[in-house]
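Here the structure comes first, spelled out in structure tokens, and everything after it is commentary.
The values are calculated or read from the model by the stated rules, or taken from the named source; none is laboratory data. Keep in mind that this is a model prediction, so the values were computed, not measured. Glycine gets a Cβ as well: all are built from the backbone with ideal geometry, and neighbour counts include every protein chain shown. The protein model used for the area step is the full one, side chains on, heavy atoms only, and it has no ligands, DNA or RNA in it. Shrake-Rupley method; radii C 1.70, N 1.55, O 1.52, S 1.80 Å.
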Amino acid sequence: MLEWKRSRKILLCVTGGIAAYKIPDLVSRLRKLDCEVEIVLTKAAESIVSPLALSTLSGRRAWLQDDFLSDKRGFEIPHIHLADWAEVVVVAPCSAETASGLAQGRAESVVAAALLATRAPVVLFPAMNVHMFEHPATQQNLRILAERGVRVVDPEFGSLACGYEGKGRLPETALILEEIAYALSPRRNLAGRHVLVTAGPTREYLDPVRFISNPSTGKMGMAMARTAWYRGAEVRVVLGPAPRVGSTHGLEVHDVVSALAMRDAVMENLEWAGCVVKAAAVGDYRSEERVEHKIKREKKDSLTFSLVQNPDIAAEVGKNRRAGQFLIGFAAETDDLVQNARAKMARKGLDLMVANDVSAPGSGFGADTNTVRIISDDDETQFSGSKEAVADAVWEAAVRRWLP
Ligand code: PMT
């Protein structure tokens, strides 16, 4: 977990949509990150989700429509106080009415007035009936808001509370949390850059049900991808067969299975990429022949496979790099960490190598944390922490060299 995601000040505006019933979960997840959450409800939202439930979860009284220009709080003006206090303003769900009001600059509720008054980044999650969402007026309002710098996150496709099937669902809480992190990210120094990441293991099949692989889960590679997105990059991930851990929101994921398929996917995207991150644990060998049917154990006391070498994708990328392209490798080592990593970095023509001691406890394959040495031609630093924190430290080092 990146420290900057914790203890943030979030103003959550809940407006009239059935999906408001999902908001208590969001509040409790934000509180687990030690965030302070102020909640404002429109009159319509009050009838869908209980202000008492939201107050209890946030540990603060929820602000209601009756608080607008009311003297109940003495001389405190809620919409100005909240607008100034917030580091990010989230509207979830955002009704067609609220989007329309903000597009026109109306200020007849605490929510509307706070949205006009804030200088913090605003993230809208429209959620409504599909026909309301697709209506040209709603689309125009959302376009106007996006052009003014409001981040408008498309609703998801699925079955809607009104009985329709279509685009209009509020995204899952995990996605909303990712968008909040994106809005709060302290650095956007990869904005406009294209980053290609490989992550996870590869699988080399011996027959239709047996394969050679390794314990990579893709956590490190996905952390590299997510943290690049937080910094503003467009990110594509070539992901080996690993369960998807954490959110892939904002990332374009290309699933592959074998080393050969990973190589093809990397080569197809190489021209597009400004930076290539090779965090995948690529199988170095595959069976020379792939047996079509499951091998039976009967009458076979032993089996012999002839293995042939897979292509070294990182080396091929290093050989075909174009001017200005930046290459980052990971080296999984169990001995002579730095010496081996430096030799691989030179052999594969990489700019930065992340040497990973995969035999250390809490480090390497499968762990949520990692201990690495970040190695360049002229520097070497040790870093330990969550895989996300390690990834962010790698980007710090990479940006200094790639985009000085
Ligand atoms: O996925 P996790 O469970 O989170 O684990 C993370 C990790 C341990 C897999 C990751 O941090 C890591 O160390 N990845 C690199 C693993 C590896 O294959 O190391 P290597 O030393 O064998 O290869 C060096 C570099 O060459 C790597 O960038 C690798 O992607 C690349 N390579 C290797 C072989 C090959 N045929 N083609 C390659 O491109």
For the chain, with a Gaussian network of springs between Cα atoms less than 10 Å apart, report the residue from Tyr182, Tyr230, Tyr205 with the top mean-square fluctuation.
Tyr205
In the chain, taking the dipole from +1 charges on Lys and Arg beta carbons and -1 charges on Asp and Glu beta carbons about the Cα centre, the listed residue (Ser47, Ala117, Ala199) farthest towards the positive end is Ala199
Given Cβ point charges of +1 (Lys, Arg) and -1 (Asp, Glu) and nothing else, what value in debye, to the nearest 20, does the dipole of region 3-184 about its Cα centre take?
240
Can you find, among Ile180, Pro155, Ala96, the residue sitting farthest towards the positive end of the charge dipole of region 3-184, where Lys and Arg contribute +1 and Asp and Glu -1 at Cβ?
Ile180
Please list 3J(HN,Hα) in residue order for region 295-311, calculated via the Karplus relation 6.51 cos²θ - 1.76 cosθ + 1.60 where θ = phi - 60°; whole Hz, with x for glycine and proline.
6, 8, 7, 4, 6, 10, 7, 8, 10, 10, 10, 9, 9, 10, 6, 7, x
Given H placed 1.01 Å from N in the peptide plane, which residues other than close sequence neighbours of Tyr285 have an amide H under 5 Å from its amide H?
Asn310
Accessible surface, per residue, of region 3-184 when the full set of protein chains is kept, probe 1.4 Å, Å²
45
Value of [θ]222 nm, deg cm²/dmol, for the chain, DSSP H segments ≥ 4, -39500 (n - 2.57) each, nearest 500
-10000 deg cm²/dmol
Using the Kirkwood formula on alpha carbons, the hydrodynamic radius of the chain in angstrom works out to 23.6
Note down the net charge around Ser58, summing +1 for each Lys or Arg and -1 for each Asp or Glu among other residues with Cβ under 9 Å from its Cβ.
+1
Using each residue's phi in region 238-250, evaluate 6.51 cos²θ - 1.76 cosθ + 1.60 at θ = phi - 60° and report the 3J(HN,Hα) Karplus result to the nearest Hz, with x for Gly and Pro.
9, 10, x, x, 10, x, 6, 9, x, 7, 10, 4, x
Report D for region 3-184 in µm² per second (integer): Stokes-Einstein, Kirkwood Rh on Cα pairs, 37 °C, 0.692 mPa s.
203
Of Ala259, Gly385, Thr56, whose Cα points farthest to the positive end of the dipole of the chain (charges on the beta-carbon: +1 Lys, Arg; -1 Asp, Glu; origin at the Cα centre)?
Ala259
Quick check for me: using +1 on Lys/Arg Cβ and -1 on Asp/Glu Cβ, what's the dipole size of the chain about its Cα centre, in debye to the nearest 20?
100
Residue separation between Arg61 and Arg31 times 0.36 nm, minus their alpha-carbon distance, gives in nm 9.3 nm
Loop trypsin sites (Lys or Arg not before Pro), region 124-187 (other Cβ atoms within 10 Å of the site Cβ: 14 or fewer; DSSP)
Arg148
What is the percent carbon and sulfur in the accessible area of the chain, measuring with a 1.4 Å probe over the protein chains and ignoring ligands?
50
XL table Lys9/Lys43; Lys167/Lys387; Lys294/Lys319; Lys22/Lys72; Lys32/Lys72; Lys22/Lys43; Cα-Cα > 27 Å flagged, in table order, is Lys167/Lys387; Lys294/Lys319; Lys22/Lys72; Lys32/Lys72
Part-to-part distance (alpha-carbon centres) for region 51-104 and region 132-200, which is given in Å:
22
For region 153-203, size of Cβ-based charge dipole, Lys and Arg +1, Asp and Glu -1, in debye
340
